[in-house]
1. Where Lys and Arg each count +1 and Asp and Glu each count -1, what net charge lies around residue 163 among other residues with Cβ under 15 Å from its Cβ?
2. So how much slack lies between residue 131 and residue 609, counting 0.36 nm per residue of separation and subtracting their Cα-Cα distance, in nm?
3. In which sequence would 268, 480 go, from the one with the fewest C-beta neighbours within 10 Å to the one with the most?
4. Give or take rounding to whole Å, what are the principal axis extents of the alpha carbon atoms in segment 550-721, in descending order?
5. Please state, rounded to one decimal and in Å, the Kirkwood hydrodynamic radius that segment 90-250 gives when every pair of distinct Cα atoms enters the mean of 1/r.
6. Can you tell me the order of 484-491, 585-592, 547-554, 43-50 when each peptide is scored by its average per-residue count of other Cβ atoms within 10 angstrom, highest first?
7. Let's test the formula: R0 of 22 Å, r as the Cβ-Cβ distance of residue 422 and residue 382. What FRET efficiency results, to the nearest 0.05?
8. Using alpha carbon centroids, what distance separates segment 198-247 and segment 654-714, in Å?
Amino acid sequence: MERAEGPSSDAVTAAVPGYPLAVQARWPADLVRQRYLEAAPSRWSVELASLLLLGVSMAWLARVLRQRDQHIEVLRRMGHLQDFLAQVNQEAALSSCSAAFLHKVCDLAVRRGRLPLAFVARPDAEGRFRFIAAAGQTGYLDGLVISTDANEVHGRGPIGAAWRDDRPRFNVHWDFTAAVFSPFVRRARSFGLLGLSALPLHHRGERFAILALYRGDDVAFNLEMRTLLTELAADVSHALDVIALRQTERALLDNAAAGVAIIRDRRILRANATLAAMLGRSVDELTGQSTRIFYRSEAEFERFGKLYADLSAGGRLDLPAIRLQRADGHTLLCDCHGQLLPDGVTSVWTLIDITARERMQRLYRALTFVGDVLLQAGDEQTMLHRACEALTQGTFFHAVWVARPDEAGRMRMLASAGEGAAALQTLNISLNDEQAPLVVQAWQTGRTVFHNDHRNNPGVAPIAGFLREHRWAAALAAPIFRGGTLWATMAFISPEIGVFDNETVALCTRIGNLLGYGLDELDLRERLLQQQRTEAYRARHDALTGLPNRFALEQHLPKVIAHAQRRGTHVAVGLIDLDDFKAVNDTYGHDVGDELLRQFAARLQSRLRRSELVARLGGDEFVVVLEDLDASDTMDRLQAALDRLHAAVEAPFDLGEGRQATVGMSMGVALYPCDGQDAEALLHQADTAMYVAKMQKADRARWWALRSALPHGVQAAALAAAGVRLPK
């Protein structure tokens with residue numbers, strides 16, 4: 001097919017298979033150009049959109065990669081901090097010196113936490129922080145002034161603020177533009193310090209120091225890091241208390257006049273200096289060793305080992321005249337007393353060298369019982385009473401007593417034992433007596449005083465008849481210090497003249513010190529227990545209202561349901577939501593709203609009976625649990641209980657400064673067993689009923705709704721209006 005040549009044309013030729021023919025098609029070039037231009041806008045739009053989409057995708061991908069890198073960096077920092085925390089807790093388990101422990105914490109912060117600088121500082125009497133431990137870029141601390149006074153420029157930083165507020169402060173590099181950082185920022189940046197966490201440390205329940213941890217990167221302190229660092233400060237504070245307790249225990253052992261060893265599986269866990277000296281060894285030589293080191297031969301070791309069966313059966317064991325071997329090869333003859341501890345495998349042994357004078361030997365034997373008292377006594381009175389008893393049994397002490405002045409300046413008896421001790425209450429001993437008895441002299445001087453012959457002591461003339469009647473010939477009074485302060489005096493009475501020689505005086509003084517250490521340990525244990533009780537209370541109670549919280553409710557409800565199942569009774573679970581509470585917050589602010597919640601919680605609690613519980617879930621939502629509802633009159637008892645609770649909102653709330661507010665409440669109630677069989681189901685059903693009551697508050701007959709009594713259509717319509725989907 002032929003076509004005349006035009007001004008511009010193109011052609012395509014195609015052969016016909018099997019024939020000597022070809023087909024040729026021609027078209028004008030202008031037509032091609034026209035068709036191309038007609039289609040170009042749509043094609044260009046697609047191409048441009050594709051390019052834009054590609055650009056957006058590249059930008060999104062770059063952002064995702066940046067976020068991933070940031071997340072990886074945060075995870076890396078968290079890993080370093082978690083490793084740091086683990087190492088600190090491991091070190092706390094081994095440390096016996098608080099100063100060395102704090103230095104180790106700072107060193108671990110730099111080595112394991114990858115932080116450029118860590119230090120511990122505490123203020124002196126003038127409010128200037130002194131650095132008691134540090135590691136890393138410590139050159140930053142040279143000449144650095146930090147104060148606790150907010151009125152001083154050097155006291156406005158995070159460390160001073162953390163000390164004053166007693167709560168952690170976290171700052172990062174972009175915070176350094178604030179005016180409070182002006183004394184520190186240039187110096188900090190020169191050392192590459194870009195972020196700081198200031199963590200208060202506590203010791204014995206009081207503020208102790210600030211642990212400062214500096215960062216050299218721009219990764220912010222996120223919630224997880226802040227939680228971890230707060231946990232670190234709590235662990236370091238707890239470790240300081242434990243180390244102090246450990247040091248007290250060591251002081252108890254080291255001040256015991258008898259040798260003391262704590263043994264498990266015939267291996268020495270702890271030994272005091274007295275035992276080490278008796279055996280001619282050091283404490284380190286004994287610690288961790290098998291008790292085989294005590295004996296001359298393997299046969300002696302095996303013979304003694306068979307006696308552990310008697311210790312396990314009876315809980316205690318007295319072994320007179322046991323032969324032990326000193327390091328120099330000499331034989332040491334000791335009386336041994338073993339006491340099995342409650343774990344059933346650890347025992348405390350006291351060893352008395354009976355080669356000493358017979359008199360001192362009997363006194364040391366009494367001290368073994370004193371050691372038991374100090375290790376096991378659970379309260380002050382038991383410790384003092386049993387110590388007095390132990391010191392008068394089988395010793396040359398006729399009577400032992402402990403006294404301290406009362407508010408009127410009269411010596412008041414705290415504990416006593418021995419002949420004539422009961423009659424001490426008849427004596428009227430005053431700090432103002434002209435001829436002061438020994439116990440008053442010991443109190444006034446804080447030192448041990450004694451007299452070896454009362455017959456030639458004119459100072460005891462007012463009580464000479466009492467002394468003759470009870471055969472008190474010589475006496476000694478030693479001070480007892482508790483918490484570093486003079487607390488009481490301990491009197492030792494003997495019917496023999498001249499018994500208080502230098503060795504006996506030193507021993508009695510040591511007994512007074514030992515009792516002081518024991519009392520210090522009791523105080524520390526009580527502080528630790530109180531801290532544990534406080535933490536346990538906080539875990540189960542709402543911080544704002546003091547009511548049980550969700551965790552306490554989750555523990556309480558299953559027990560109540562199990563009890564009702566056994567007794568065949570009903571349980572009511574009511575979910576309360578306050579009406580018009582938002583208006584109080586919007587009008588007066590959240591602080592006033594919090595005060596209303598506190599008053600409302602107190603009103604609810606005052607209307608509860610012993611078997612009823614109210615808990616706060618959060619916001620203005622509360623849960624009431626009513627148990628022991630008899631199946632025959634459940635509704636009557638429920639109505640009466642809820643009427644009683646509704647009185648909590650029937651009077652306006654006084655919010656101070658002449659402000660008053662009135663709120664109502666809506667409650668949804670679910671009953672066990674008809675509305676649910678477990679705690680989760682009951683709370684869910686009560687929540688459903690509460691929404692129904694809330695939606696109908698404008699025209700409802702009563703302020704609460706029972707889940708099982710709701711018509712399905714009514715509750716479905718109300719909940720749909722609230723955007724709540726009913727369970728199928």
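What follows draws every value from the coordinates through simple rules; no lab data is involved. Remember, it's a predicted structure, so these values are computed and weren't measured experimentally. Glycine also receives a Cβ, built like all others from the backbone with ideal geometry; neighbour counts cover every protein chain displayed.
1. On the way: positive: 122, 128, 130, 156, 164, 167, 169, 207; negative: 124, 126, 149, 152, 165, 166, 206.
Charge balance near residue 163 sits at +1.
2. Values: separation 478, 0.36 × 478 = 172.08 nm, distance 5.50 nm.
So the extension gain works out to 166.6 nm.
3. Details: 268 21, 480 24.
Fewest to most other Cβ atoms nearby, the residues stand as 268, 480.
4. Principal extents (Cα only, largest first): 52, 37, 28 Å.
5. Result for segment 90-250, one decimal place: 15.9 Å.
6. Values: 484-491: 19.6, 585-592: 12.8, 547-554: 18.0, 43-50: 10.1.
So the order, starting with the most tightly packed, is 484-491, 547-554, 585-592, 43-50.
7. Values: r = 19 Å, r/R0 = 0.85.
It comes out at approximately 0.70.
8. 44 Å
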